[in-house]
Amino acid sequence: MKGRGLLWLGLVALGPAIWAAAFTLVYALHGAGCAAGWAGIDAGPVSLHRLLMLLGWLAGITAGGWLLLRLPAGKDRETWLPRAGALIGLFATLFTLVPVLFASSC
């Protein structure tokens, strides 16, 4: 990654940016679903509201995992920091959005 400057910095920030996008998506779906009454619509074993929030959460986990798998491994700063950013973003997505599994939706 040497000599790539802004690309490298973007890769460092991409993991937290994925978390921010997933967080925004899930809570936007939360607000829209509560306003539109999606919690009362069944979609299999869960409501449509919870299903859409779960899909948003899973999309964030998938994107974070994909990023982590695509970044090269190494011990130098140029490879370690982007992977650290990807790990931070992935764990933040897992941890901060886990309430969609069990908390009441509205």
May I ask you to give the solvent-accessible area per residue for segment 12-101, in square angstrom, as obtained with a 1.4 angstrom probe?
55 Å²
Select from segment 12-106 those chymotrypsin sites (Phe, Trp or Tyr not before Pro) which occupy a DSSP coil region and have at most 11 other Cβ atoms within 10 Å, ordered by residue number.
Phe102
Helix-only estimate, please: 222 nm mean residue ellipticity of the chain, summing -39500 (n - 2.57) across DSSP H runs of length 4 or more and dividing by its residues, to the nearest 500.
-24500 deg cm²/dmol
Simple SL model, points at 7 angstrom along Cα→Cβ for Phe91 and Arg70; separation in nm is 2.3 nm
Could you compute the longest span of the chain free of trypsin sites (Lys or Arg not before Pro) located in DSSP loops and having at most 14 other Cβ atoms within 10 Å, not counting the site residues?
5-74
FRET efficiency for Ala59 and Ser104 from the Cβ-Cβ distance with R0 = 25 Å, rounded to 0.05, comes out at 0.65
Within segment 90-106, find all residues whose amide N lies under 18 Å from a label point positioned 7 Å from the Cα of Ala28 along Cα-to-beta-carbon.
93, 97
Taking N as its residue count, the alpha carbon Rg of the chain over 2.2 N^0.38 Å:
1.28
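The values are calculated or read from the model by the stated rules, or taken from the named source; none is laboratory data. A quick note: this is a predicted structure, and the numbers were derived from the prediction, not measured. Cβ sites come from the backbone with ideal geometry, for glycine too, and all protein chains shown count toward neighbours. For the accessible areas, the whole protein counts, side chains as well, though only heavy atoms, and no ligand, DNA or RNA atoms are used. Shrake-Rupley method; radii C 1.70, N 1.55, O 1.52, S 1.80 Å.
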